[in-house]
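A.B. asks: The structure's right below; bear with me while I get my questions together.
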Amino acid sequence: MLRDEQKSFLLRLLEAPSPSGFEEAAARIWREEASRFADDVWVDHNGNSYARLRADTPTVLIEGHIDEIGLMVTHIDDQGFLWFRAIGGWDDQILTGQRVRILTRQGPILGVIGRKPAHLLSEEEKGRASRIKDLWIDIGARDGNEAREVVRVGDPIVIEQPPIELRNGRLVARGLDNRMGAFIALEALRALSGERPPLDVVALAATQEEISFLGARAAAFRLEPIVAIVIDVTHATDHPDADKRGGGDVRIGGGPVLDRGSMVHPLVFERLLAAAEAEGITVTLSAAPTRTGTDADAIAPARAGIPCGLVSVPNRYMHSPNELVSLDDLDAAIRLIARFVRDLGSSPDFRRQ
């Protein structure tokens, strides 16, 4: 079970806006927390944040990306309405009527996403799904001049939706994909700080996974770890109309998910599975025969190749303003990764025989 101070840290991360390319607010919170126990904390010019438990040994990397999907202002018309495009992958239909926070040089500006009311739609329009190009943002400006005084083209936007906790430890928030992964990476490092393994261990909150994998790719090249554990969300299939044949039987509260496939090193997978068994943690296996859609796709082929494992947390309603995860699954992922690192010893070998 997560401790109260861990939940407080997680909620601070989730409340901070962090769209891809504009991760500074959440990254500062992450580094501030890391400075409480890590030997070294730093940020690079790509915005990646690092925390290290220093040792004169090969590096183990624990990574989760800290960015979220968002929106960006593309045009301000003479009536003061803002037009926008997506940062990352959205289901356009979700956006109508959402409240938004625009991140401007003068501070956050609130607005609402508008569309023609249902009463005024033609029969043809009623049967057509919403598209981003037909939506606008209303900040209450009298005209374009007033809007341009506070908002610039290129300003990023997030949905204005605070985290809430439902029954049975279910947490709902925007940006759980993947502020949650950056949280788990740092909490696993914190767990290791109390009983240090004989390895150099770095937690990484990587940038821009949702649009380019730039952060993880650059960080993997810089650190050249002997092994990397990537943390992300995966689709839960315990809801109506889910297809378990394609996605497996992935349940909220069912524990972490361990991927198998081309980007996951088989020896790393087996060690993760052994760590789960040693800790008494229930896990689900998932197949990723080609790419994973996570930062593992950037880290595994870096330099001469980096052995990777992928630990995922089941998530309902991914890429929406109300993603849902189990706090118990987050806690289990932290314990699993910490046990994996402790069990590596001082000179882990991942050469295939």
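The values are calculated or read from the model by the stated rules, or taken from the named source; none is laboratory data. In this text, all values refer to a predicted model and were calculated from it rather than measured experimentally. Note that each Cβ is placed from the backbone with ideal geometry, even for glycine, and that neighbours are counted across all protein chains shown. Just the protein is used for accessible areas: all its heavy atoms, side chains included, with ligands, DNA and RNA removed. Shrake-Rupley method; radii C 1.70, N 1.55, O 1.52, S 1.80 Å.
A.B. asks: Looking at GLU187, GLU209, GLU195, which is the one that is within 30 Å of ASP56 (Cβ to Cβ) and either in contact with a Cys (Cβ under 9 Å, 6 or more places away or on another chain) or open to solvent by 10 Å² or more (accessible area, probe 1.4 Å) (or both)?
C.D. replies: Sole residue among the options that is within 30 Å of ASP56 (Cβ to Cβ) and either in contact with a Cys (Cβ under 9 Å, 6 or more places away or on another chain) or open to solvent by 10 Å² or more (accessible area, probe 1.4 Å) (or both): GLU195.
A.B. asks: Could you say whether any residue in region 271-282 is open to solvent by less than 30 Å² (accessible area, probe 1.4 Å) and without any contact (Cβ under 8 Å) to a residue 60 or more places away in the chain?
C.D. replies: yes
A.B. asks: Also, quick follow-up: Considering only residues that are assigned to a loop (DSSP other than H, G, I, E, B) and either among the basic types (Lys, Arg) or under 21 Å from the mean Cα position of the chain (by Cα) (or both), which ones fall in region 206-224?
C.D. replies: THR207, GLN208, GLU209, GLU210, ILE211, SER212, PHE213 - these are the residues of region 206-224 that are assigned to a loop (DSSP other than H, G, I, E, B) and either among the basic types (Lys, Arg) or under 21 Å from the mean Cα position of the chain (by Cα) (or both).
A.B. asks: I've got another one for you. Within the set of pairs 6+ apart or on separate chains, which have a first residue in region 124-149 that is modelled with pLDDT under 95, a second that is assigned to a helix (DSSP H, G or I) and surrounded by fewer than 15 Cβ atoms within 10 Å (Cβ to Cβ), and C-beta atoms under 6 Å apart?
C.D. replies: Every condition considered, the pairs that remain are ALA129/GLN93; SER130/ASP92; SER130/GLN93; ARG131/ASP92; ILE132/ASP92.
A.B. asks: Sort through LEU61, LEU103, LEU11 and tell me the only one that's over 16 Å from the mean Cα position of the chain (by Cα) and either open to solvent by 20 Å² or more (accessible area, probe 1.4 Å) or within 19 Å of ILE132 (Cβ to Cβ) (or both).
C.D. replies: The conditions single out LEU103.
A.B. asks: Right, another one. Is it the case that region 191-202 has a residue that's in a strand (DSSP E or B) and more than 19 Å from THR294 (Cα to Cα)?
C.D. replies: Looking through region 191-202, at least one residue is in a strand (DSSP E or B) and more than 19 Å from THR294 (Cα to Cα).
A.B. asks: Just checking, which of VAL268, VAL230, VAL250, VAL257 is over 21 Å from the mean Cα position of the chain (by Cα) and crowded, with 20+ Cβ neighbours inside 10 Å?
C.D. replies: Unique residue meeting the criteria: VAL268.
A.B. asks: Counting only residues that are over 21 Å from GLU187 (Cβ atoms), touching a helix residue (DSSP H, G or I) at 6+ places or on another chain (Cβ under 7 Å) and at pLDDT 95 or above, give me the helices (runs of 4 or more DSSP H) lying completely in region 245-353 with at least 1 of them.
C.D. replies: 296-299
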